[in-house]
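Undergrad: Let me begin by handing over the structure; questions about it come next.
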Amino acid sequence: MTKRLIHVFAAGCLLVLGASAALAGPADDAIKGRQACMKGNGAMMKVLVPMVKGEKPYDAAAVKAAIDETEKGCADWAKWWGPDTQKGETLKTEAKAEIWSDAKGFEAAGMAYVNAMGALKASTDEASFKAAFGPVGGACKGCHEKFRQAD
Amino acid sequence: MKLLSKRTFSALALLAVLGLGTFWSISAPRPLSASDIPAHTPDAANGKILFNAAGCASCHKPGADQANADASLPSGGAPFKTPIGTFYPPNLTPDPKTGIGTWTDVQFVNAVQRGIGPDGEHLIPAFPYTSYAHMKTEDVLDIRAYLATLPAVEAPEKKAGLPLEVLLRRGVGAWKLAGLDTTQWKDDPTQSASWNRGGYLVNGPGHCNECHTPRNALMLQDDGQKFSGGPHPGGEGKVPSLRNLIGRGKYKDAADLASALANGELMGYENLSSGGMGEVQTNLSKLPEADVAAIAEYITSLK
């Protein structure tokens, strides 16, 4: 009796596993990557913004560590925006259709961020860090305004 | 066999005519007349503040196809998508032919606070006169004075191409009976001056409730759920609730929200860019600090 129950339970587990494997797919993987990268950007902001606001003292090493960490999480960026990733198999996405209909605009918005981050990375002291931070936030805003939908 | 006797038919026809007549009379525009406009010496500097608080530029900006247009001027033409069609908000610069240069003050106030165009036609409430109606008319005249200081741009209005336009506009007239409340903002004496200033800016020029309050099937705002968010009017995603922002952990305190509204993502506040809020935030960043703080004080008091 108990053995039989275990078998039924195991079969049930396999069914559930099989079903979820069939549901998730390549678009979900891309969306997961995108969202993890964005979450990493948010985490970096939590380190940097208090220094920009002057709530915490400027710490060059912490700035560098935060940037390195988020760049690691976004390393596969270019692989995440295929035309088949507009909708996830199971995951929701805030990516707007304009990402694909205005691919050039999306790339330009992304490059604005990459360039701003380059300048931030090259900053060497508190003044140059603060000056370089504005364009990073501006690039986030510029891209989100056009290519990310409301909540 | 006849379906209708002659008599029944005549009675029905009479009813239809009466019905149409009633619809036509209740849906007629009710403009203000020149004597309703208060005597006022306009203050263009105050008008500029209210122009930004009202977010005029977000919709009346030039379209991407107007290559040489100065994007900082409200010369109109950028598309504004709604469920009933795409609008091209018109030119607000003082150009006499294509802008509002020849408009009288009463025409301007009727457009902004009653939703009635210069030819006496009902305007579609994609233009948020439903909120602007709560403004002090003096402030509206100040916006007019500020607009008059801008360089004139020749940019003809693009027509929206609405379905059954004459009937649709009259439909708006009937809708206004329930949808347009023309009471002006009244200060609450139990609250601080800055809370009242914030309440005025949010409910009047700021027209926050146009998106942050859900609507029913008749497109009327559900006042019981004021500021509780809802589907995005553009059709994509949701507009967040503004209620209990601190209790729900969205912002630390009123000062935190004020910083978010003033700085947006320039200070890492990442939820103020998408769905049109980015442009709102850009406009708010141009307001005096005290006004942004007042808006934040009022909004964080919403429970």
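The values are calculated or read from the model by the stated rules, or taken from the named source; none is laboratory data. Just so we're clear, the structure is a prediction, and the values are computed from it rather than from any experiment. All Cβ positions, even for glycine, are placed from backbone atoms using ideal geometry, and neighbour counts span all protein chains on display. When the accessible area is computed, the model is the full protein with side chains, heavy atoms only, and any ligands, DNA or RNA have been set aside. Shrake-Rupley method; radii C 1.70, N 1.55, O 1.52, S 1.80 Å.
Undergrad: Could you tell me which residue of the range A:49-78 is nearest to the other protein chains (Cβ to nearest Cβ), considering only residues that are of a type in the set (D, E) and part of a loop (DSSP other than H, G, I, E, B)?
TA: This residue is A:E55.
Undergrad: How about the range A:33-44: which of its residues are open to solvent by 20 Å² or more (accessible area, probe 1.4 Å) and either in contact (Cβ under 8 Å) with a residue 40 or more places away in the chain or within 14 Å of chain B (Cβ to nearest Cβ) (or both)?
TA: A:Q35, A:M38, A:K39, A:G40, A:N41, A:G42, A:A43, listed by residue number.
Undergrad: Inspect the range B:151-166 for any residue being touching a helix residue (DSSP H, G or I) at 6+ places or on another chain (Cβ under 6 Å) and at positive phi and give the result as yes or no.
TA: Scanning the range B:151-166 turns up no residue that is touching a helix residue (DSSP H, G or I) at 6+ places or on another chain (Cβ under 6 Å) and at positive phi.
Undergrad: Just need a number here: residues in the range A:79-92 that are surrounded by 12 or more Cβ atoms within 10 Å (Cβ to Cβ) and either within 14 Å of chain B (Cβ to nearest Cβ) or among the aromatic types (F, W, Y) (or both).
TA: 4
Undergrad: Give me a count of the residues in the range B:215-236 that are within 14 Å of chain A (Cβ to nearest Cβ) and either closer than 26 Å to B:I143 by Cβ or crowded, with 17+ Cβ neighbours inside 10 Å (or both).
TA: Final tally of qualifying residues: 6.
Undergrad: Applying the selection to the range A:93-108, what residues are buried (at least 18 other Cβ atoms within 10 Å of the Cβ) and either part of a helix (DSSP H, G or I) or within 10 Å of chain B (Cβ to nearest Cβ) (or both)?
TA: Across the range A:93-108, the qualifying residues are A:E94, A:K96, A:I99, A:F106.
Undergrad: Among (1) among the hydroxyl-bearing types (S, T, Y); (2) open to solvent by 60 Å² or more (accessible area, probe 1.4 Å); (3) touching a Phe, Trp or Tyr at 6+ places or on another chain (Cβ under 9 Å), there is one condition B:S35 misses while meeting the rest; what is its number?
TA: That leaves (3) as the condition not met.
Undergrad: Take the range A:109-127 and flag every residue that is open to solvent by less than 60 Å² (accessible area, probe 1.4 Å) and assigned to a helix (DSSP H, G or I).
TA: A:A109, A:G110, A:A112, A:Y113, A:A116, A:M117, A:G118, A:A119, A:L120
Undergrad: If you scan the range B:279-291, which residues turn out to be under 22 Å from the mean Cα position of the chain (by Cα) and more than 9 Å from chain A (Cβ to nearest Cβ)?
TA: B:V280, B:N283, B:L284, B:S285, B:K286, B:L287, B:P288, B:D291
Undergrad: Quick check on this structure: which one of B:I124, B:I116, B:I143 is among the aliphatic types (A, V, I, L, M) and at pLDDT below 95?
TA: B:I124
Undergrad: Additional query: Can you tell me how many residues within the range B:254-303 are under 16 Å from A:A139 (Cβ atoms), in a loop (DSSP other than H, G, I, E, B) and open to solvent by 20 Å² or more (accessible area, probe 1.4 Å)?
TA: 3
Yes/no matrix, rows are residues, columns are (1) more than 19 Å from the chain's Cα centre (by Cα); (2) of a type outside the set (V, I, T); (3) modelled with pLDDT under 95; (4) under 14 Å from A:F133 (Cβ atoms):
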position: A:A22; (1), (2), (3), (4): yes, yes, yes, no
position: A:P26; (1), (2), (3), (4): no, yes, yes, no
position: A:Y58; (1), (2), (3), (4): yes, yes, no, yes
position: A:A65; (1), (2), (3), (4): no, yes, no, no
position: A:K72; (1), (2), (3), (4): no, yes, no, no
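Quick grid of which residues meet (1) basic (K, R); (2) more than 14 Å from chain A (Cβ to nearest Cβ):
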residue: B:R243; (1), (2): yes, yes
residue: B:L261; (1), (2): no, no
residue: B:S273; (1), (2): no, no
residue: B:M277; (1), (2): no, no
residue: B:A293; (1), (2): no, yes
residue: B:Y298; (1), (2): no, yes
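Undergrad: Of the residues that sit in the range B:184-210 and are among the polar types (S, T, N, Q) and more than 21 Å from the chain's Cα centre (by Cα), which one is surrounded by the most Cβ atoms within 10 Å (Cβ to Cβ)?
TA: B:S194
Undergrad: How many residues, within the range A:128-151, are open to solvent by 50 Å² or more (accessible area, probe 1.4 Å) and either among the small types (G, A, S) or out of contact with any Leu (no Cβ under 9 Å at 6 or more places or on another chain) (or both)?
TA: Going through the range A:128-151 one residue at a time, the tally reaches 5.
Undergrad: What helices (runs of 4 or more DSSP H) completely inside the range B:1-90 contain at least 2 residues that are among the polar types (S, T, N, Q) and under 22 Å from B:S285 (Cα atoms)?
TA: B:44-53
Undergrad: Among what's in the range B:73-109 and is of a type in the set (S, T, Y) and in contact with a Leu (Cβ under 9 Å, 6 or more places away or on another chain), pick the residue that is surrounded by the fewest Cβ atoms within 10 Å (Cβ to Cβ).
TA: Top of the filtered list is B:T93.
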